[in-house]
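Novice: There's a structure below that I have some questions on.
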Amino acid sequence: MKCRYYLHKHCSSCDLLSYDYLSSIKNKEQKLSHYFREHIANIKPSVICKNGTEGTRNKAKLAVALIHNTINFGFYNKAMQFTELEKCPLHAPAINNLLPTLKQLLSTHRVIPYDVFSKKGELKYVILTYSDSTNELLLRFIVKSTESLARLKALTQTLISLNPVVKVVTANIQPIHQAVLEGDDEIVLTEIDYITHHVDGYSLFQGPRSFFQTHSKMALQLYKQFQSELSTLNIHSLLDLYCGVGAFSFFASNNCTSVTGVEISDAAIFYANKAREINNSNNIHFLAMDAAAYLQNQASHSFDAILVNPPRRGLNHAIITDLMRLSPTYLFYSSCNVETLQKDLLQLETQYQIKSLQMFDMFPFTSHFETLAVLVKTIVET
């Protein structure tokens, strides 16, 4: 993949871009093998991008700055120097193609970028998410206050008329001058507040704050592999912790009698339940609840299997303790951080053995990747 930002040393986020693609995969495989050197025999072949990497990232988080009286989208480095990043080759074309129009409309409607040094201005970031299955785009403006809200509403009407791909626009109010991306208040500026992803026959709904994997095609491969693993096991009941909008739950529903999805975000569970109705998945039950609090109230052997898909920080000791207390026959762990995955599995290995590990190239040309680990219980209780 050719990237002028990397070539000119303007951006180093894709830290493996000096490699050809297959060499970058080998680098990641070596990293996975390093962390699980005692389980190399259990590592399955990696799932990689077979149709190229350009345009595969469905989400962009871009800082906004006024440079020489011109609005620019990009990022601030650690030295607080701004770099334009409006043609990242990893971003979906629909995202990059929208930016010139968006810049023009922001200028026309006098939405002033926030200046991190003077602390003046309004617009801090734009966050864009694209569904390639429905050609729908969600746009979030991160602003300092509601001062520009009326102008953003007028801008939204014009933007949608010029670019029908834009389905959802919101304004997130983040008044604090610190490294916090978004605030608590989200104001929807369009009639609908979600975009739709069609994933292997399932409809999934993503709202402004919902988590969704950034590589749609690789996410499908992850979900299908999880589904394939389930099909070979005798699992009737499954708990999906950190379920988000429910992707793993839906892919489990054809192989399990009952699936319970737990997620702390009320909004994510709202969209998960909406998808449950559309997909006629009557054997799934979604709950908006903290994962740790939910586990504490469950009896041992409540589920045949538990899937966890935590944030990068992984699981805490209390959750791991409760997972072992619940004692499911199988544990599935989907992780985007191999370091915390190793740390957590080391604790779980007192009662479980690693059946398989598989790398998914969810973040091409970066050092990051998704790993699906399958564990089986080894201690038989008397």
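Novice: If you keep only loop residues by DSSP, which trypsin sites (Lys or Arg not before Pro) in region 89-141 have at most 12 other Cβ atoms within 10 Å of their Cβ?
Specialist: Arg110, Lys119, Lys120
Novice: Compute a Gaussian network model of the chain, connecting alpha carbons closer than 10 Å, and tell me which residue from Phe117, Phe365, Phe211 fluctuates the most.
Specialist: In the Gaussian network model the winner is Phe117.
Novice: Per residue, how large is the accessible surface of the chain? Use a 1.4 angstrom probe and give square angstrom.
Specialist: Here the per-residue accessible area is 46 Å².
Novice: Could I ask something else about it? Highest first, please rank the peptides 166-177, 38-49 by the mean number of other Cβ atoms sitting within 10 Å of their residues.
Specialist: Listed from highest to lowest mean packing, they are 166-177, 38-49.
Novice: Report the residue, chosen from Thr321, Thr260, Thr371, that carries the largest GNM mean-square fluctuation when the chain is represented by alpha-carbon nodes joined by springs under 10 Å.
Specialist: Comparing Thr321, Thr260, Thr371 in a Gaussian network model of the chain, the most mobile one is Thr321.
Novice: Ignoring ligands, DNA and RNA, what percent of the 1.4 Å accessible area of the chain is carbon and sulfur?
Specialist: Of the solvent-accessible surface of the chain, carbon and sulfur hold 51 percent.
Novice: Over 27 Å between C-alpha atoms is what I'm after, so list which of Lys50/Lys377; Lys28/Lys103; Lys28/Lys355; Lys61/Lys167; Lys78/Lys144 land there.
Specialist: Exceeds cut-off: Lys50/Lys377; Lys28/Lys103.
Novice: Need one number: the % of Cα-Cα pairs in region 100-255 sitting beyond the 23 Å mark.
Specialist: It works out to 47 percent of all Cα pairs.
Novice: On to the next question. Please identify the trypsin sites (Lys or Arg not before Pro) of region 1-63 that satisfy two criteria: DSSP loop assignment and at most 13 other Cβ atoms within 10 Å. Which are they?
Specialist: For trypsin sites (Lys or Arg not before Pro) across region 1-63 that sit outside H, G, I, E and B with at most 13 neighbouring Cβ atoms in 10 Å, the list reads Lys2, Lys9, Lys50.
Novice: With +1 assigned to the C-beta of every Lys and Arg and -1 to the C-beta of every Asp and Glu, and no other charges, what is the dipole magnitude of the chain about the Cα centre in debye, to the nearest 20?
Specialist: It works out to roughly 1100 debye.
The values are calculated or read from the model by the stated rules, or taken from the named source; none is laboratory data. If you're wondering where the values come from, they're calculated on a predicted model, not measured in any experiment. We place every Cβ from the backbone using ideal geometry, glycine too, and count neighbours over all the protein chains shown. The area values use the complete protein model at the heavy-atom level, side chains included, leaving out ligands, DNA and RNA. Shrake-Rupley method; radii C 1.70, N 1.55, O 1.52, S 1.80 Å.
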